[in-house]
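All remarks here apply to the structure that follows.
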Amino acid sequence: MTDLYRLLPEEMEKLVMDMGQPRYRADQILYPLYYKFPKNITELKQLPTAMRDKLIVDGYTIGSATETHRVVSDDGDTTKLLLNLTDGTPVETVLIQYEPTKIGGHPRSTICVSTQVGCAMGCIFCATGQMGFERNLKAEEIVAQVIHFANLLQQRGQHVTNLVFMGMGEPLANYDETIRAVRLLTHPRGFGIGQRNITISTIGIISGIDKLAEEDLQIGLAISLHAPNDELRKKLVPTAGPHSVNELVAAGKRYFKRTGRRVTFEYALIENINDSQEIAKELALLLEGNGSHVNLIPINSTAGNFQRPSKKSILEFERILLKSHVNCTVRVEKGSEISAACGQLRTDIISNA
């Protein structure tokens, strides 16, 4: 069985031409797939009946994600879904919305997509990392998450504006399927979202970062650093290498040099672990003059017994970085009360608190 959502436009053209059909038939499949959201091949009414029947006989399908649970934040800006993929595999994905930048405009609608079920990286403060690794998602299963929310937004007269590969799993540990999904979602004859509206987040797979830099893609890269030295980082990220901090900073520089896209270093602030003024100064020294951006993320409630620092400590940490001319911001979290924020996704629990 082959899911039509797996095929890039060039592959779709080859499929229809191998069937003896004219090239334009490819667009008669692609357009409804990404804008009309059919559930099965019989709904592709633009195609001749005989062609639809042939696709079915040859084992082609239209995959989708079935919503089994929905939780919405109190302010209505964040929606977390538990989706069952075609084979029944559960996965969580999140929609985060922000106010329009102009009166009468569309809200910024960001979908946080998952690339794996679970995660093998084992970060001690992350709910996904603590649930363990189950399997990689296929490109079409990644796309299915976006399509599900795109359909929902279309019914509201809205559309997807941004994608972040920051859901369940490590995207660069599922490299080929993640990149295929990116190409499907950015292709002008596919979903058509702008490359600069996509960010891939990684815990720090160096080979994946360097490979991504050579893909000729204008997507953003976010590297989860979480510590300015290897000893502390190893405690937080058990799979980290012995020299991961300097290696990640160097990889970020290479990515920027190759793509021209500024790298973001994500830093989860955890009370009494990595939030002291001394550690802030160490981080400032590490990144001073680097040209990157630091995204400070006060830790969210997870299965681990970790607490977010006080507001005073967070602002002092930020002040020290800014004083050293390290560009940084404190992330405005949305959806933490429904366990939809950074580090909170897992498939065995959906909680309203």
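Just so it is clear, none of the values below were taken in a lab; they were calculated from the coordinates. Note that the structure is a prediction, hence the values are computed from the model and not measured. Neighbour counts run over all protein chains shown; Cβ positions are idealised from the backbone, glycine included.
Report the full-extension gain for the segment Lys257 to Ser207: residue separation times 0.36 nm, less the Cα-Cα distance, to one decimal in nm. It would help to have the intermediate numbers written out before the result.
Details: separation 50, 0.36 × 50 = 18.00 nm, distance 1.60 nm.
Between Lys257 and Ser207, full extension yields 16.4 nm more.
Amide H neighbours of Gly220 under 5 Å, counting only residues 5+ apart in sequence or on other chains, H built in-plane at 1.01 Å?
It is Ile198, Thr199, Ile200, by chain and number.
What's the FRET efficiency of Thr68 with Glu278 using the Cβ-Cβ distance as r and R₀ = 51 Å, to the nearest 0.05?
Rounded to the nearest 0.05, the efficiency is 0.65.
If you find the alpha carbon centre of region 48-63 and of region 65-83, how far apart are they in angstrom?
Here the two parts' Cα centres lie 32 Å apart.
Find how many whole Å separate the alpha carbon centroid of region 213-262 from the alpha carbon centroid of region 158-181.
Each part's Cα centre sits 17 Å from the other's.
Report, in debye and to the nearest 20, how large the dipole of the chain comes out about its Cα centre when Lys and Arg carry +1 and Asp and Glu carry -1 on their Cβ.
Magnitude of the dipole: close to 780 debye.
Tell me the chymotrypsin sites (Phe, Trp or Tyr not before Pro) within region 8-78 that lie in a loop according to DSSP and have at most 10 other beta-carbon atoms within 10 Å.
Tyr24
Taking the Cα centroid of region 89-109 and of region 1-25, what is the distance between the two, rounded to the nearest whole Å?
Region 89-109 and region 1-25 have Cα centres spaced 32 Å from each other.
Could you sort out which of Lys211/Lys323; Lys211/Lys257; Lys14/Lys138; Lys14/Lys257; Lys234/Lys323; Lys14/Lys211 sit more than 25 Å apart by Cα distance in this structure?
Working: Lys211/Lys323 34 Å; Lys211/Lys257 13 Å; Lys14/Lys138 21 Å; Lys14/Lys257 36 Å; Lys234/Lys323 27 Å; Lys14/Lys211 28 Å.
Violating the 25 Å limit, Cα to Cα: Lys211/Lys323; Lys14/Lys257; Lys234/Lys323; Lys14/Lys211.
In terms of the Cα gyration tensor, with a ≥ b ≥ c the square roots of its eigenvalues, is region 2-61 rounded because a/c is under 1.5, prolate because a/b exceeds b/c, or oblate? Could the numbers behind the result be given before it?
On the way: a/c = 1.27, a/b = 1.08, b/c = 1.17.
It is rounded, given that a/c, with a ≥ b ≥ c, falls under 1.5.
Using Cα pairs under 8 angstrom and six or more residues apart, how large is the relative contact order of the chain, in percent?
This gives 15 percent for the chain.
Compute the distance in nm between two label points, each set 7 Å from the Cα along the Cα-to-Cβ direction, one at Asp216 and one at Val330.
4.4 nm
Using only alpha carbon pairs under 8 Å that are at least six residues apart, calculate the relative contact order of region 2-61 and give it in whole percent.
Contact order relative to length: 36 percent.
Cβ neighbours within 10 Å, averaged per peptide: list 281-287, 156-162, 187-193, 77-83 in order, most packed at the top.
Working: 281-287: 19.0, 156-162: 14.9, 187-193: 16.4, 77-83: 21.3.
Answer by packing, highest mean first, reads 77-83, 281-287, 187-193, 156-162.
So if R0 is 35 Å, what FRET efficiency would His187 and Glu288 give, r being the distance between their Cβ atoms, rounded to the nearest 0.05?
Calculated value: 0.35.
With springs only between Cα atoms under 10 Å, which of Thr101, Thr93, Thr115 fluctuates most in a Gaussian network model of the chain?
Highest fluctuation among the options: Thr101.
Contour minus end-to-end for Lys102 and Glu43, with contour as 0.36 nm per residue of separation and end-to-end as the Cα-Cα distance?
17.5 nm
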